[in-house]
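The structure appears below as structure tokens.
We did not get these values from a lab; they are worked out from the coordinates using the rules stated. Keep in mind it's a predicted model, so treat the numbers as computed, not measured. Backbone-built Cβ (ideal geometry, glycine too); neighbour counts: all protein chains shown.
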Amino acid sequence: MPMPLRMDRPRPPRPRPHPRTIPLPPPQRRAPPPPPPPQLPATPTTPAAPATTATTTTTKTTTKATTTTTKTTTATTKTTTTTTKASTTTTTTTTTTTTKTTTSTTIAKSGDCLSTGSLTKTKVFEWNVYYQNQDASGIASVVAQLEQTPDVIGFCELTLSDMASQATQLTAKTGRTFALQPGRSGWVGYGTDIYYDTSKWEALKGTVRTASACASVGGPRAANGVVLKEISTGNVMITGGTHLSYCANGCDSTHQCELENLYDVIEGLKAEYPNAFVVWMGDMNRAIGDTVLKNLLEGKIGSRSVDPVDDVTKAQSSYYSYSGGSAIDHVFASTENYILGDHGNTGQGVTGYTLSGSDHFPVYSVLTFCNA
């Protein structure tokens, strides 16, 4: 395995290695004691659809949640058609003189398959473990501390000489059987390496692609892509991710290039599995409000149009343990055919301290999805 190059941001002198949490060197000015770990965000609730009343000279239609009541009074010939699909209720009333359509969506991200197809619930977890961290056991212990073990794990900056050994440690610590994604035979750049629970998922395909055309900073970047099929339902999910360069003064063109490399991988897999749900993750070195990520949410990478995504961690607190600040680790998902459950920071780690050798804190998201 070629040696990774210098990483993306300057690091302070690190203290003597220790398998557990270790304090960082103090800042130049005296700082208050570290705060306790942040609490997990409350599980979001899905609001009921507002009542909508539409009135014409001959027709009155009322739609509330997923219940539809239609009253029609007219002396003329009339036809009434009511169609209900998944979370979307559409009522169309037609007379000889008027047509009125009212649509009410009862969940945030709708799709026919949410009510008519098989559903998959999964927990995805992303963590930048720090490129010099070789403590596979300590990394696995952080995962094992979670109340609910993730089904899919994405690690950034994992540079073990034997990548399969991390799956062995995850299996030993969590009691579930984990495997490394297919296609990850050697280190080709900083991406998001995927580990998955083999009792839940079957890996259909995997790949890693270097962003060789990009002017990456701090070492080459890579894009991981994996196709997983849930054993119990047959639902397919495309996952993977990347780790964007760190540029102190900003480098939108470099980040766009690295994201295009990722989307070349995702779109290639999507062409083979067109109904698959997509969820990918990584260290973006950008806050969710930065231009590059705002454009990505809208389906744009520079001048290129791509499928838009949703931020499904919605993190507000800091995950960077040296200096605090906005979250730069994210999980993104397709914009439909899912229900978002618990998400955010796992609650592990305290600002000013490393977490089992890492300078980042993990993020996660629980998603229930279906194949369109």
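As a quick test, which of the pairs Lys123/Lys270; Lys123/Lys205; Lys229/Lys270; Lys123/Lys200; Lys200/Lys229; Lys121/Lys229 have an alpha carbon distance above 18 angstrom in this structure? Walk me through the numbers before you get to the answer.
Details: Lys123/Lys270 21 Å; Lys123/Lys205 20 Å; Lys229/Lys270 14 Å; Lys123/Lys200 11 Å; Lys200/Lys229 8 Å; Lys121/Lys229 12 Å.
As for pairs spanning more than 18 Å Cα to Cα, those are Lys123/Lys270; Lys123/Lys205.
In this structure, the amide hydrogen of Val306, modeled 1.01 Å from its nitrogen in the peptide plane, lies closer than 5 angstrom to those of Lys300, Ile301, counting only residues at least 5 positions away or on a different chain. The string of couplings for region 168-174 from the Karplus curve (6.51, -1.76, 1.60, θ = phi - 60°) is 4, 5, 4, 5, 5, 7, 9 Hz, one whole number per residue in order, with x for Gly and Pro. Just check region 127-203 against the gyration tensor rule for me: Cα atoms, a ≥ b ≥ c as the square roots of the eigenvalues, rounded for a/c under 1.5, and otherwise prolate or oblate depending on whether a/b exceeds b/c. Oblate shape, in that a/c is at least 1.5 and b/c is the bigger or equal ratio. Here r is the Cβ-Cβ distance between Ser212 and Glu147 and R0 is 30 Å; the resulting FRET efficiency, rounded to 0.05, is 0.15. Region 224-372: D in µm²/s via Stokes-Einstein (Kirkwood Rh, Cα pairs, 25 °C, 0.890 mPa s)? Answer from the Stokes-Einstein relation: 152 µm²/s. Straight-distance candidates among the aspartates and glutamates for linking to Lys173, with alpha-carbon spacing under 15 Å and chain neighbours fewer than 8 residues away dropped: Asp135, Glu147, Asp151, Asp197. Neighbours of Arg209, meaning other residues whose beta-carbon lies under 14 angstrom from its beta-carbon, give a summed charge of -2 when Lys and Arg score +1 and Asp and Glu score -1.
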